[in-house]
Each structure stands twice: as structure tokens, then as C-alpha cells.
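Shown next, in C-alpha cells, is the structure this report addresses.
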Amino acid sequence: YLQSGVGEWSGIYVYDTLSNVTEGDSITISCEVDEYFNLTELKNVNSLVIVSSGNTFSSNLVSSLQAASEEYEGCLVTVNTATCTNDNAGFGEWIINDGSGPCNVDDFFFPFTPTLNNIYNVTGLVDYSFSNFKILPRDIDDIDEITGINENNKNDFNFYPNPANGLLNIVLNEN
């Protein structure tokens, strides 16, 4: 996958088995553009020059509905606070929804078993295959399970005397 900047249409899949690039390389490339089963890809790379290495890049912060769209195909995206609505959608896929709409997550690069109804932040590359856009997390760092304890900030009870020595009265303000 190749990405330049952030935003819609900033990434693309590159089909190439010969070049030796690493994450963070800036490259100049000469190749063909093709649609492979409706996935836009670059192929037949005839020239690739590494301009610099060790560059940083950003993920696109998107909704689950945006992640499931062609505008972000080939891009690195992050969907925050999305609920797992289907923990086994078949073929290693699961579905998340942040309230904007569903998005498939696939185990193509990294196998992960989610928990139904748990909340996740998911980062990955948007791919298109078998008539679905899906997020492909790259490793465990791309999946964060949101956990926490709901704080009880209500003062639903009183107690007296304070300090107490022996008998303590507790009065509840609710039924």
C-alpha cells in the first residue's frame, strides 16, 4: 500500500513482488493503474526509486461508514469507539459500527478474535475484495479494546453520625 498525505483518495494498493521497500520510505514509481475485481491498484512496476527512508505518516481518522467507502480505498484509517456488532462475519471477518454504519474488519494481515458488543479503536488499511470494503489491521497495535469503569457520581445516600463509634445510620435517597 502506498499513501501520500491524508484525506480521501490519498492511498492505493501496489501489486509488486520484486521491489524492496519498507514502511516510511518515500518513493518515486512508474507503473500501470488497473482495476482488479474493482480494487484500484498499481501494477507492472517498471521503475521504483527510494527517495528517502524513515518518514512518518498519519492515519485518516474516519467513521466506520467512511472506512467502508471507495474514497478511503488503499488508505490507512482509524475508526474510534466502534462497537463489535458481529464477531464472526465469516472468513476471518468481524463488523464494527461507531453509529454511522457498519464496516468489516478482516484478519488478512493480523488474526484477531473480537468480543461481541465490546468497543474498539481499529486502525488499518482499507481494502476491497469480495464486494466489500474492509479494514485490514497490520498488527496488535492496530486494535485497541476500550475498557473502563463507569463512575458513580451521584450522591444517593447519606450517613451519620460522622465520625461514628458503634452505630452508623445510612439513609438511601432512592427506593
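The values are calculated or read from the model by the stated rules, or taken from the named source; none is laboratory data. Only a predicted model underlies this, so the values are computations on that prediction, with no experimental measurement involved. Please note: Cβ atoms are built from the backbone with ideal geometry, for glycine as well, and neighbour counts cover all protein chains shown. In case anyone asks, the SASA skips ligands and DNA or RNA and just uses the protein heavy atoms, side chains included. Shrake-Rupley method; radii C 1.70, N 1.55, O 1.52, S 1.80 Å.
Add -39500 (n - 2.57) for each DSSP H run of 4 or more in the chain, then divide by its residues: what number comes out at 222 nm, to the nearest 500 deg cm²/dmol?
Details: 1 runs with 4 residues, N = 175.
Calculated from helices alone, the mean residue ellipticity at 222 nm is -500 deg cm²/dmol.
Once R0 is set to 45 Å, what does the formula 1/(1 + (r/R0)^6) return for the Cβ-Cβ distance between residue 170 and residue 71, expressed as a FRET efficiency to the nearest 0.05? Don't jump to the answer; show the numbers that get you there.
Values: r = 58 Å, r/R0 = 1.28.
For residue 170 and residue 71, the calculated efficiency is 0.20.
At 0.36 nm per residue, and after removing the present C-alpha to C-alpha distance, how many nm does the segment from residue 113 to residue 49 gain when stretched out fully? Could you put the intermediate results ahead of the total?
Details: separation 64, 0.36 × 64 = 23.04 nm, distance 3.86 nm.
Going from the current span to full extension adds 19.2 nm.
Against the empirical 2.2 N^0.38 Å scaling, what ratio does the C-alpha Rg of the chain come to?
Numbers: Rg = 23.8 Å, N = 175, 2.2 N^0.38 = 15.7 Å.
Rounded to two decimals, the normalised Rg is 1.52.
At most 12 other Cβ atoms within 10 Å plus a DSSP loop assignment makes a site exposed; report the longest stretch of the chain without any exposed GluC sites (Glu not before Pro). Could the numbers behind the result be given before it?
Numbers: sites that count: 23, 151, 174.
After excluding every exposed loop site, the longest remaining stretch is 24-150.
With each pseudo-label sitting 7 Å past Cα toward Cβ, what's the residue 83-residue 162 distance in nm, one decimal?
That separation, rounded to one decimal, is 3.7 nm.
At 1.4 Å probe radius, can you tell me the per residue accessible area of region 33-151 in Å²? Mind showing how you got there, number by number?
Numbers: 6570 Å² over 119 residues.
Per residue, region 33-151 has an accessible area of 55 Å².
Evaluate the distance, in nm, between pseudo-label points positioned 7 Å from the Cα of residue 3 and of residue 138 along their respective Cα→Cβ axes.
0.8 nm
Report the residues of region 1-36 in range of a label on residue 59: point 7 Å along Cα→C-beta, backbone N strictly under 13 Å from it.
Under cut-off, by backbone N: nothing.
Of all the accessible heavy-atom surface of region 1-131, with the other protein chains kept in place and a 1.4 Å probe, what percent is carbon and sulfur? Before the final figure, lay out the partial values.
Values: 3800 of 7440 Å².
Taking all protein chains in place, region 1-131 shows 51 percent carbon and sulfur surface.
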